[in-house]
């Protein structure tokens, strides 16, 4: 990677982040993570209380990029074909014609993903893992930029279907937005007094620029020692007390890629331990299956990963 | 903010002078002030400072325990909890005050180690976290939660130590005047260096002078007030006659003669008697003797303050000679409670039960010992005393019989007129003609043994002439009932002998007869009264106990089969009392048990051994020779760790340096350290590594930072 690619890629990141900040105020951390997932080719699960700006963040990102954007509101009666598409028999030419579903897009917002049935949720599996869908025995590749932002509400369980472990593993990151400070909330009120800033938000980068950002992140240097550190962190979750199922090598991969993207955002040419530590919880925690006893004892997956971060010796 | 030169040395000298530790004060002052001339300094990490502080705190705890137990703190507090009255609360307060004052005097010595550490440390100030576990806990908790750590506050221990020294000196002011002027001088010295710049020297001196004069008057006023209260406290006439008692009163004893009904006696264990070297124990342990009978009370006679001090020779040896010149070697160990209290100073006070021919006492930890002319020994000391009494046949502690001619003494031959008819009628029946005094005594004894019975029951007899005439209860015993308890027998014997012209006294005490393992227990119901008769030939008092021996068996029958349960609790109570009154060796054990802990801390401080860090629970990193491990940045890290800025296993260098930014040692070096860290990270984590000139830059910058740190 030439030395100019990094500042250029960083500039793309800054443009998107700045554009999003016009809509989502006081959330630089989640925006940074969201863009790290985008640049590393992962998908994101936003889990937070209603009204904290999950959908707005996803929309703001979609609008900031001159790319196609689709939104699916997940409901219990949603069918896999409603996502993937369906082949309809055309009597005129006596042939089946495939009608692409909303998944054939660049950025997909899967709103309240846990409201759909597991069957429908699984329809996303192949798409998220392999960037292609198989319909009627035919493989249909998705766009070069395929980014899923799913949201779910952690407090409401009636009429919901918790995401299966396999699907959770498909998400590169899961994080929360959290409530903003009173001052920032006041400025949100002021900004939306007349109209929502989202309505005036214009794309600031092209699809090609985003692909350039992804390529730059992928090419960022990471030392073997830090790869080992990533593996050590993930491996430690498999032996941690209270954890029934630890994180998979897919987690190591996601953590390394996301750390590369973050280092790029920081203007570095190589990854440092700080980026790995910053992303360890959002990348690893949601993949852990906790033992019921540990769960009842108040042990959380987040706590387990934080504990591992403290005990595993960090390269210095 | 440093203290003025030599101020601490002078303050320590002053403290040593005022607190009677002049040598210690001078040595400590010299050691502290020498730091101004010695250039060598210790590189101390926070962990070392914490250890020194813990050592000083432990020393303080040991000193507090020592001071508290030395001033009978457990005893007074135990008493206060048992009997929560005003007097006991005051006693507990007094002992606590004495302990606190003792501790205050030692404070400069206790914290000297910490002060010395600062004086010889390369750091002029210590973080407040090192002396506060709470602050350390708060910091760790915030770091654990990922919140920014609170800013480190540093302090100079010299000023608090200066205040501690002055406070300690005030706890034991040698004389009011020297302390006052010394305190003024030292405070003026300290304040002179901190005086506001905008104020003239004369104005400052004038203001200080005014404050000193005002405080001088204030102190004089307080002194006068204290003198008045002392006067009130010391007004306490005839204290001996007024002390509150639960046990035997040396001045008088009220008998149960004349009472109707059964005499109830408690089976509670009051004494524990242990033979020493296999010797037999004395049967009778006397508490007091009395001379004058005025039914139903026996009086000791003489004035209440007729007690004379018995010297402890040599002082604090626990050896008290009651009869100089005798050489008896039979010993008996006696444990008894001092049941009363001296109203003057609140100390336990009581009559000691002793063999009548006791010669001296050993291992008796009493504050004072007094005896009167009738052989009663009064002890003031802890609530429980355990001692050895030496005894043997021979003279007794009592004065020889006195006559009316001796001033201030009652007659040992005095018989109340109203008892005489009954006594005479008894004497008339005795075959006494031609007998000497010893034979007469034997006849009297036989008379009681043959014609009288032991009984604790006195029946109301409506037909008795006693109700119709003025016949006394004793006369009724002698002439009609012929049955009574020991007080009847003893009183009757004393009066009969006196009536026959033989000097006799009424004695009370205990009979030792109940073995319990390797010792004897004496219960409250073993209390006994007997007659002491004067043997003119041997010039000594002898015991004449005319109570039928069946009284012991009679009392034994009244013992409950469940008595062993009560005895077990009594034994436990006795063991607790031994601890409570400092008669056990628990206190030295307690203090000795602190020695290993103190030694451990000392070892840690001297040899810089760190406590074992819990191993990282993560997978062990194989010993791979990762690139960049030769970075000079590690020297810088080590230097900062030596200053107490330790890095946890999972803490990244960026986070660690951000935390270390609060330390004054690295204040102002933030930018340089960040640049250096950038180079170090490239050297370590960039697969391309550093180019030659950049590698050299890393070396140079690290050296510069190290030099700046030093």
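A few comments on the model shown:
- Of all positions in the stretch A:67-76, at least one carries a residue that is surrounded by fewer than 22 Cβ atoms within 10 Å (Cβ to Cβ), in contact with a helix residue (DSSP H, G or I) (Cβ under 9 Å, 6 or more places away or on another chain) and closer than 15 Å to residue A:119 by Cβ.
- Here the condition is being at pLDDT 85 or above and either exposed (fewer than 13 other Cβ atoms within 10 Å of the Cβ) or within 14 Å of chain A (Cβ to nearest Cβ) (or both); of B:627, B:619, it holds for B:627 alone.
- Among the residues of the stretch A:162-177, at least one is in contact (Cβ under 8 Å) with a residue 40 or more places away in the chain, within 25 Å of residue A:76 (Cβ to Cβ) and over 17 Å from the mean Cα position of the chain (by Cα).
Let's see how each residue does on (1) in contact with a helix residue (DSSP H, G or I) (Cβ under 8 Å, 6 or more places away or on another chain); (2) within 14 Å of chain A (Cβ to nearest Cβ); (3) under 24 Å from residue B:59 (Cβ atoms):
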residue: B:103; (1), (2), (3): yes, no, yes
residue: B:111; (1), (2), (3): yes, no, yes
residue: B:132; (1), (2), (3): no, no, yes
residue: B:135; (1), (2), (3): yes, no, yes
residue: B:140; (1), (2), (3): no, yes, no
residue: B:152; (1), (2), (3): yes, no, no
residue: B:155; (1), (2), (3): yes, no, yes
residue: B:161; (1), (2), (3): yes, no, yes
residue: B:168; (1), (2), (3): yes, no, yes
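- Residues (surrounded by fewer than 16 Cβ atoms within 10 Å (Cβ to Cβ), away from chain B (no Cβ under 14 Å) and not in a strand (DSSP E or B)) located in the stretch A:228-249: A:249
A quick yes/no check of all residues on (1) within 25 Å of the chain's Cα centre (by Cα); (2) within 13 Å of another protein chain (Cβ to nearest Cβ); (3) not in a helix (DSSP H, G or I):
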{"residue": "A:274", "(1), (2), (3)": "yes, yes, no"}
{"residue": "A:277", "(1), (2), (3)": "yes, yes, no"}
{"residue": "A:282", "(1), (2), (3)": "yes, no, no"}
{"residue": "A:285", "(1), (2), (3)": "yes, no, no"}
{"residue": "A:293", "(1), (2), (3)": "no, no, no"}
{"residue": "A:299", "(1), (2), (3)": "yes, no, yes"}
{"residue": "A:302", "(1), (2), (3)": "yes, yes, no"}
{"residue": "A:306", "(1), (2), (3)": "yes, yes, no"}
{"residue": "A:314", "(1), (2), (3)": "no, yes, yes"}
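- Among the residues of the stretch B:660-674, the ones that are surrounded by fewer than 20 Cβ atoms within 10 Å (Cβ to Cβ) and within 14 Å of chain A (Cβ to nearest Cβ) come to 1 in all.
- Exactly one residue out of A:242, A:246 is at positive phi and touching a helix residue (DSSP H, G or I) at 6+ places or on another chain (Cβ under 8 Å), and it is A:242.
- Checking the stretch A:201-216 against the condition returns no match, with no residue being within 14 Å of another protein chain (Cβ to nearest Cβ) and either touching a helix residue (DSSP H, G or I) at 6+ places or on another chain (Cβ under 7 Å) or free of Cβ contacts under 8 Å to residues at least 60 places away in the same chain (or both).
- From B:195, B:142, residue being assigned to a helix (DSSP H, G or I) and over 33 Å from the mean Cα position of the chain (by Cα): B:142
- Within the stretch B:680-692, the residues that satisfy the criterion of being modelled with pLDDT under 90 and more than 10 Å from chain A (Cβ to nearest Cβ) are B:690, B:691, B:692.
- Scope the stretch B:354-369; condition in contact (Cβ under 8 Å) with a residue 40 or more places away in the chain and surrounded by fewer than 19 Cβ atoms within 10 Å (Cβ to Cβ); matching residues: B:362, B:363, B:365, B:368
- Single match in A:184, A:225 (criterion: assigned to a helix (DSSP H, G or I), under 27 Å from residue A:279 (Cβ atoms) and either more than 12 Å from every other protein chain (Cβ to nearest Cβ) or within 19 Å of the chain's Cα centre (by Cα) (or both)): A:184
- Breaking point among (1) in contact with a strand residue (DSSP E or B) (Cβ under 9 Å, 6 or more places away or on another chain); (2) modelled with pLDDT under 80, for residue B:591: (1)
- Highlighted here would be strands (runs of 3 or more DSSP E) found entirely within the stretch B:275-329 that include at least 1 residues which are on the phi > 0 side of the Ramachandran plot, but there are none.
- Residue check for residue A:263: in contact (Cβ under 8 Å) with a residue 60 or more places away in the chain and either within 14 Å of chain B (Cβ to nearest Cβ) or surrounded by 16 or more Cβ atoms within 10 Å (Cβ to Cβ) (or both): no
- Here is the figure for the stretch B:637-647: residues that are closer than 14 Å to residue B:140 by Cα and either touching a residue at least 40 places away in the same chain (Cβ under 8 Å) or away from chain A (no Cβ under 13 Å) (or both) total 2.
- Contacts under 7 angstrom Cβ, first residue in the stretch B:42-57 being farther than 11 Å from residue B:126 by Cβ, partner crowded, with 19+ Cβ neighbours inside 10 Å and at pLDDT 85 or above, 6 or more apart: B:56/B:110; B:56/B:111; B:56/B:114
Rundown of residues vs (1) buried (at least 19 other Cβ atoms within 10 Å of the Cβ); (2) modelled with pLDDT of 90 or more, yes/no style:
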residue: A:147; (1), (2): yes, yes
residue: A:168; (1), (2): no, no
residue: A:175; (1), (2): yes, yes
residue: A:189; (1), (2): no, no
residue: A:208; (1), (2): no, yes
residue: A:218; (1), (2): no, yes
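The values are calculated or read from the model by the stated rules, or taken from the named source; none is laboratory data. As the structure is a computational prediction, the values presented were derived from the model and not from experiment. Glycine gets a Cβ as well: all are built from the backbone with ideal geometry, and neighbour counts include every protein chain shown.
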